[in-house]
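Written below as structure tokens is the structure these notes are about.
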Amino acid sequence: MTVEYLSEDQIARFGRFAGEPSAQELEEFFRLDAVALQQAASKRRSHNRLGWAVQWGTVRMLDTFLSAPAEVPVGVAEFVAEQLGIEDPSCLKLYPERLPTQHEHAREIRRLLGVRDFEDGDLALREHIAGRVWVSNEGPRALFDRAVTWLLRNRVLMRGLTQLARLVGEVRTGEQALIYSVVDAPVEPEFRRGLLELLDVPEGATRSVLEGWRKGPRDVSGRGQKYALERTRDIR
């Protein structure tokens, strides 16, 4: 299964900045607390201090480490640099020069924030999606958004877009098949035929019997009440 069921907006904002974060988002995700300030300040060079702090906020907002952390929106770099007393936020472009430094920072941030690998939350995520399939009529797009929200809330790092979309689709398909088997099991052949006949459009009519039952009568007259009682009887 591919990502064809996702909207363009879902694809555009998955694991990346879809534009400049709002002032509220900057305050919520990139406002450094005392511990983060201390950790960032322990780095020798300004671009490493800024890079560490930008990664810290990015993981909190996007639940992933960017492959190019220097390519964050300008507003993010400026907001973080001001907190660190760095006058030139453009120094962030020097951060990718040493990849081992980025990896070391990522390990520090993971420990600090208590972030887990996707594999550690895989089973719990599948159970969460399966539960939604059983109690709701949500489509794959809504389930995908719920999966992303669950990963963020439980501090589990995002997987790739295709992999997560495939996981959601597989769980939904499997659970729906199980639901159908449970619902269909006790239905006798004669009753099943009767249900299928409700989908037929009677001769001279413009809609099936089932479609006619979908909406109750709006007529409050005696005739309308008679029709409502007959409809209730037929559905029963």
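The values are calculated or read from the model by the stated rules, or taken from the named source; none is laboratory data. Just so you know, these numbers come straight off a predicted model, no measurement behind them. Please note: Cβ atoms are built from the backbone with ideal geometry, for glycine as well, and neighbour counts cover all protein chains shown. Surface areas here come from the heavy atoms of the whole protein model, side chains and all, with no ligands, DNA or RNA. Shrake-Rupley method; radii C 1.70, N 1.55, O 1.52, S 1.80 Å.
If I filter region 128-139 for residues that are touching a Leu at 6+ places or on another chain (Cβ under 8 Å), of a type outside the set (A, V, I, L, M, F, W, C) and on the phi < 0 side of the Ramachandran plot, do I get at least one hit?
Step one: list which residues in region 128-139 are touching a Leu at 6+ places or on another chain (Cβ under 8 Å), which gives 129, 132-133.
Restricting the remaining residues to those that are of a type outside the set (A, V, I, L, M, F, W, C) gives 132.
Now drop any that are not on the phi < 0 side of the Ramachandran plot, which leaves 132.
Scanning region 128-139, I find at least one residue that is touching a Leu at 6+ places or on another chain (Cβ under 8 Å), of a type outside the set (A, V, I, L, M, F, W, C) and on the phi < 0 side of the Ramachandran plot, so the answer is yes.
The lone criterion from (1) open to solvent by less than 60 Å² (accessible area, probe 1.4 Å); (2) in contact with a His (Cβ under 6 Å, 6 or more places away or on another chain); (3) hydrophobic (A, V, I, L, M, F, W, C) left unmet by residue 94 is number (1).
Right, residue 202: closer than 30 Å to residue 130 by Cα and outside any helix (DSSP H, G or I) or not?
So residue 202 fails the test.
Across region 156-163, not a single residue is classified as hydroxyl-bearing (Ser, Thr, Tyr) and over 30 Å from residue 111 (Cα atoms).
Just need a number here: residues in region 30-52 that are of a type in the set (A, V, I, L, M) and without any contact (Cβ under 8 Å) to a residue 12 or more places away in the chain. Write out each step before concluding.
Taking region 30-52 and keeping what is of a type in the set (A, V, I, L, M), we get 32, 34-37, 40-41, 50.
From the residues that got through so far, the ones that are without any contact (Cβ under 8 Å) to a residue 12 or more places away in the chain too are 34.
Qualifying residue count for the region: 1.
Okay, residues lined up against (1) small (Gly, Ala, Ser); (2) over 29 Å from residue 166 (Cα atoms):
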position: 19; (1), (2): yes, no
position: 29; (1), (2): no, no
position: 51; (1), (2): yes, yes
position: 108; (1), (2): no, yes
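Evaluation of residue 27 against the conditions (1) open to solvent by 50 Å² or more (accessible area, probe 1.4 Å); (2) part of a helix (DSSP H, G or I); (3) in contact (Cβ under 8 Å) with a residue 12 or more places away in the chain shows that the sole unmet condition is (3).
In the list 208, 181, which residue meets the criterion of being surrounded by 12 or more Cβ atoms within 10 Å (Cβ to Cβ) and either closer than 28 Å to residue 133 by Cα or within 41 Å of the chain's Cα centre (by Cα) (or both)? Give the steps one after another, and end with the answer.
Values: 181 fails: surrounded by 12 or more Cβ atoms within 10 Å (Cβ to Cβ).
One residue alone meets the criteria, 208.
Looking only at residues of region 8-24 that are over 22 Å from residue 106 (Cβ atoms) and touching a residue at least 60 places away in the same chain (Cβ under 8 Å), we find that the one that is most open to solvent (accessible area, probe 1.4 Å) is 11. If you filter region 153-173 down to residues that are within 22 Å of residue 135 (Cα to Cα) and open to solvent by 40 Å² or more (accessible area, probe 1.4 Å), you find that the one that is nearest to the chain's Cα centre (by Cα) is 153.
Within region 63-77, is there a residue that is exposed (fewer than 13 other Cβ atoms within 10 Å of the Cβ), within 30 Å of the chain's Cα centre (by Cα) and not in a loop (DSSP other than H, G, I, E, B)?
Filtering region 63-77 down to residues exposed (fewer than 13 other Cβ atoms within 10 Å of the Cβ) leaves 67-68, 74.
Narrowing further to those that are within 30 Å of the chain's Cα centre (by Cα): 67-68, 74.
Still in the list and also not in a loop (DSSP other than H, G, I, E, B): 74.
Yes: one or more hits.
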